[in-house]
1. Output the residues belonging to the range 104-142 that are under 21 Å from TRP75 (Cα atoms) and among the aromatic types (Phe, Trp, Tyr).
2. Determine if the range 84-92 includes at least one residue that is within 17 Å of the chain's Cα centre (by Cα) and touching a residue at least 24 places away in the same chain (Cβ under 8 Å).
3. Looking for something in contact (Cβ under 8 Å) with a residue 60 or more places away in the chain, among the β-branched types (Val, Ile, Thr), open to solvent by less than 40 Å² (accessible area, probe 1.4 Å) and not in a strand (DSSP E or B) - is there at least one such residue anywhere in the range 41-57?
4. If a residue counts only when it is modelled with pLDDT of 95 or more, which strands (runs of 3 or more DSSP E) contained entirely in the range 62-132 have at least 2 such residues?
5. State which residue is nearest to THR92 (Cα to Cα) when the search covers only the range 133-161 and only residues that are assigned to a strand (DSSP E or B) and of a type in the set (D, E, K, R).
6. Does at least one position in the range 145-165 carry a residue that is among the aromatic types (Phe, Trp, Tyr), touching a residue at least 24 places away in the same chain (Cβ under 8 Å), touching a Ser or Thr at 6+ places or on another chain (Cβ under 8 Å) and open to solvent by less than 20 Å² (accessible area, probe 1.4 Å)?
7. Please find, within the range 58-68, the residue that is nearest to ARG147 (Cα to Cα) out of those that are crowded, with 17+ Cβ neighbours inside 10 Å and hydrophobic (A, V, I, L, M, F, W, C).
8. Looking only at the range 116-132, count how many residues are more than 20 Å from GLU103 (Cα to Cα) and open to solvent by 40 Å² or more (accessible area, probe 1.4 Å).
Amino acid sequence: MRTLHRAFAPALLAALITGASFAAANPADRAADEAAIKDLGRRWQDAWNKRDADALTALLAEDVDFVTVLGPRGWMKGHAQFHEAHARMFRTLFTDSHWTTNETHVKFIRPDLAIQRVLWSTTGDRVRHVKHGEPRNGIFTWVVEKRNGQWLIIASQNTESMPYLPGQ
């Protein structure tokens, strides 16, 4: 019996840590949660295209950790920093921007925690590394958590697909 316990203990611990036990949860609940998580990508697109920093910020937890394509220089902590930066960018860099959420993928970690990948594209951005009007593409990695019945982005990493340089 002790050998059996030793054999299953690591597997049980791994299942608890990774949320594998979530597979046994109600499939309808999981489907509804996955739909709600994927809807974050659609709501992001709608808010972006309206230049609505309030609606964009509403998708985030108060204590969000948000890293833009600028990396460490674009690291925003909390609602206030995120809102201020995006309100400013909507008046400058992104006045003509059009966002498209192309794909969303969800991987549950626990019933109330998931990783969401959002493949995106934009046009009309006024950024230094892309000719104005040229499309940009990238991928968000969002950590989303269900808080008080609502799925919110608690951490975000934005990675842009960089254009090839001439001669490469």
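1. TRP120, PHE140, TRP142
2. Within the range 84-92, one or more residues are within 17 Å of the chain's Cα centre (by Cα) and touching a residue at least 24 places away in the same chain (Cβ under 8 Å).
3. Looking through the range 41-57, none of the residues is in contact (Cβ under 8 Å) with a residue 60 or more places away in the chain, among the β-branched types (Val, Ile, Thr), open to solvent by less than 40 Å² (accessible area, probe 1.4 Å) and not in a strand (DSSP E or B).
4. On the way: elements: 75-77, 98-110, 113-123.
Ranges flagged: 98-110, 113-123.
5. Going through the range 133-161, the residues assigned to a strand (DSSP E or B) turn out to be 136-147, 150-161.
Of the ones still in play, those that are also of a type in the set (D, E, K, R) are 136, 145-147, 160.
Numbers: ARG136: 17, GLU145: 31, LYS146: 33, ARG147: 33, GLU160: 19 Å.
Filtering first and then ranking leaves ARG136.
6. At the first step, the residues of the range 145-165 found to be among the aromatic types (Phe, Trp, Tyr) are 151, 164.
Next, from what is left, pick out any that are touching a residue at least 24 places away in the same chain (Cβ under 8 Å): 151.
From the residues that got through so far, the ones that are touching a Ser or Thr at 6+ places or on another chain (Cβ under 8 Å) too are none.
No, there is no match, as no residue in the range 145-165 is among the aromatic types (Phe, Trp, Tyr), touching a residue at least 24 places away in the same chain (Cβ under 8 Å), touching a Ser or Thr at 6+ places or on another chain (Cβ under 8 Å) and open to solvent by less than 20 Å² (accessible area, probe 1.4 Å).
7. ALA61
8. Qualifying residue count for the region: 5.
The values are calculated or read from the model by the stated rules, or taken from the named source; none is laboratory data. Every value quoted in this text rests on a predicted model; they were computed, and no experiment measured them. For neighbour counting, all protein chains shown are included, and Cβ atoms are generated from backbone atoms with ideal geometry for every residue, glycine included. These accessible areas exclude ligands, DNA and RNA; they are computed on the full protein's heavy atoms, side chains included. Shrake-Rupley method; radii C 1.70, N 1.55, O 1.52, S 1.80 Å.
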